[in-house]
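Some notes on the structure that comes next.
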Amino acid sequence: ILDGPHDKEAERHPSMMDGLAFFPEDTPVVALPNWNAPRLYVAAWNLVQRWSASALFPAFRRVARFRRMLFRLQGTFIPSVRRARAGWILEKFLRMAGYPDLVPWAVLVGTPGPTQKLTVQLRGREGEVVAYLKYGETEFAKNRLANEWKVLQGLPPGFSPRPVAFGPIGPGVGILVSALPGIPLAANPVPPAMVRAYLHAIQDMPGLQVEVDEHP
């Protein structure tokens, strides 16, 4: 857990939910589907990188996947670019967590509401996905991230992303977790057998049962 005051950063950044503050200063950034209603912010250094990072745009159903493809093509080949502002909010947090060399490639904006969070995809020097950072500012979002940190610490290795760091970031809090290999599963009312087996394994672990009103 990373401790430390963040009042000064909060004064400089009253809110980071627009996503630009999560990129280093002067980073070229593209917003998908557009700057009026951004769902995903993507660092826009070059064509190949833009295409790779834009894959984080969420889509599960067939129509949504088609729209995502159009958004990704537009953001890759005819991007509308803006520059990240001064004062990279993640610099101190990543340094204290022991990952000073990670670079944000994409920032996913969660569903608006009292529990809204941002998810930052962080990659290494070779472009490999190393970790994800989840960030929230509201009290509900902060409490959920604290609960997630607690739950991840209680799971054995291999059952979940590895919890790396948790602490204040500007006016909110963030949780840094390791990346896991794999691909998102398509939406399905009946989970695949591998998912059901995983859930049963989690359910049988001692000490993980909690009361309904305490569930994260």
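The values are calculated or read from the model by the stated rules, or taken from the named source; none is laboratory data. These numbers were taken from a predicted model, which means no experiment stands behind them. When we count neighbours, we look across all protein chains shown, and the Cβ atoms used for this are built from the backbone with ideal geometry, even at glycine. All accessible areas refer to the heavy atoms of the entire protein, side chains included, with ligands and DNA or RNA removed. Shrake-Rupley method; radii C 1.70, N 1.55, O 1.52, S 1.80 Å.
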query = Per residue, how much accessible area does segment 113-216 show when a 1.4 Å probe rolls over the protein heavy atoms, in square angstrom?
reply = 60
note = Total charge of the residues flanking Pro156 in space, meaning their Cβ is under 14 Å from its Cβ, with Lys and Arg +1 and Asp and Glu -1, is 0
inquiry  = Can you tell me which of Ala106, Ala59, Ala186 moves the most in a GNM of the chain? Springs connect C-alpha atoms under 10 Å apart.
reply    = Ala186
query = What residue among Lys134, Lys117, Lys92 has the largest mean-square fluctuation in a Gaussian network model of the chain, using Cα springs under 10 Å?
reply = Lys92
ask   = Principal axis lengths of segment 66-139 from Cα atoms, whole Å, largest first?
value = 39, 36, 24
message = From the convex hull of the Cα coordinates of the chain, what is the mean projected area in square nanometres?
response = 13.1
ask   = Per the helix-only calculation at 222 nm, which mean residue ellipticity applies to the chain, given -39500 (n - 2.57) for every DSSP H run of n ≥ 4 and division by its residues, nearest 500 deg cm²/dmol?
value = -8500 deg cm²/dmol
query = If we count every other residue with Cβ under 13 angstrom of Ala84's Cβ, Lys/Arg +1 and Asp/Glu -1, where does the sum land?
reply = -1
query = Which value, in Å to one decimal place, does the Kirkwood hydrodynamic radius take for segment 38-87 when every pair of different Cα atoms is included?
reply = 11.5
inquiry  = Taking loop as defined by DSSP and a crowding limit of 16 other beta carbons within 10 Å, which chymotrypsin sites (Phe, Trp or Tyr not before Pro) in segment 154-202 fit?
reply    = Phe159
Kirkwood Rh in Å, taken over all unlike Cα pairs in segment 93-216 = 16.1
query = Going from most exposed to least, what order do Leu32, Leu2 have by accessible area with a 1.4 Å probe?
reply = Leu2, Leu32
query = Of the accessible area of segment 34-78, with the probe set at 1.4 angstrom, what percent is carbon plus sulfur?
reply = 61
ask   = Who wins for biggest fluctuation among Met69, Met205, Met96 in a Gaussian network model of the chain, springs between alpha carbons below 10 Å?
value = Met205
